[in-house]
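Asks: Questions regarding the structure given below will be posed in turn.
The values are calculated or read from the model by the stated rules, or taken from the named source; none is laboratory data. Just so it is clear, the structure is predicted and the values come from calculations on it, not from any experiment. FYI the Cβ positions are ideal-geometry reconstructions off the backbone, even for glycines, and counts take in every protein chain you see.
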Amino acid sequence: MAGSLNKVQLIGRLGADPEIKQMVNGKSVARLSIATSQSWKDKSSGEKKEKTEWHRVVIFNEGLVNVVQQYVKKGANVYVEGQLSTRKWKDEASGQDKYSTEIVLQGYNSSLTMLDSRNSSNNSNLVSDNKSTLPNDNLNQDSKDLDDEIPF
């Protein structure tokens, strides 16, 4: 295999307020539970169906943890970009090995974008192509005004 890619992109809503914890090394970590859903019409009954998937997101990037802690709440619509990671842990009650698959945001390959506009009560959302890790204070500007030069 010449190379590989481990990249996850999600747009969904938080099912609960973010959980912020202090790690042993003194740094903070944020845990999010994000719901994505798809809907379709059942061909035989004509009934509308919907399926929701829940995703565990763990954020180690300190800048993103600070943004999440200050601005992101239950129900927020967010875009996250990170890597899939499966970790193994031992269940203390049963002694059995357990596995948990999460989307991990750390380093430069991660991104979190808040899609809800803070300045309006309607649901008009703006997704920009920049990889900003901070909330955009100008969410109501036209997207052409967001084409900042990125210095890399």
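Asks: If K48 satisfies all but one of (1) out of contact with any Asp or Glu (no Cβ under 6 Å at 6 or more places or on another chain); (2) at pLDDT 95 or above; (3) not aliphatic (A, V, I, L, M), what's the number of the condition it fails?
Replies: Among (1) out of contact with any Asp or Glu (no Cβ under 6 Å at 6 or more places or on another chain); (2) at pLDDT 95 or above; (3) not aliphatic (A, V, I, L, M), K48 violates only (2).
Asks: So which residues in segment 1-12 are part of a strand (DSSP E or B) and surrounded by fewer than 12 Cβ atoms within 10 Å (Cβ to Cβ), if there are any at all? Explain how you work it out, then say what you get.
Replies: So in segment 1-12, the residues part of a strand (DSSP E or B) come out as 8-12.
Correct list: Q9 only.
Asks: Oh, and also: Is it the case that segment 16-32 has a residue that's surrounded by 15 or more Cβ atoms within 10 Å (Cβ to Cβ), among the polar types (S, T, N, Q) and within 12 Å of the chain's Cα centre (by Cα)?
Replies: no
Asks: Looking at segment 13-30, which of its residues are touching a helix residue (DSSP H, G or I) at 6+ places or on another chain (Cβ under 8 Å) and assigned to a strand (DSSP E or B)?
Replies: So the first thing to find is which residues in segment 13-30 are touching a helix residue (DSSP H, G or I) at 6+ places or on another chain (Cβ under 8 Å), and the list is 18, 20, 27-30.
Matches in segment 13-30: I20, S28, V29, A30.
Asks: Please give the number of the condition G63 fails out of (1) crowded, with 16+ Cβ neighbours inside 10 Å; (2) outside any strand (DSSP E or B).
Replies: Among (1) crowded, with 16+ Cβ neighbours inside 10 Å; (2) outside any strand (DSSP E or B), G63 violates only (1).
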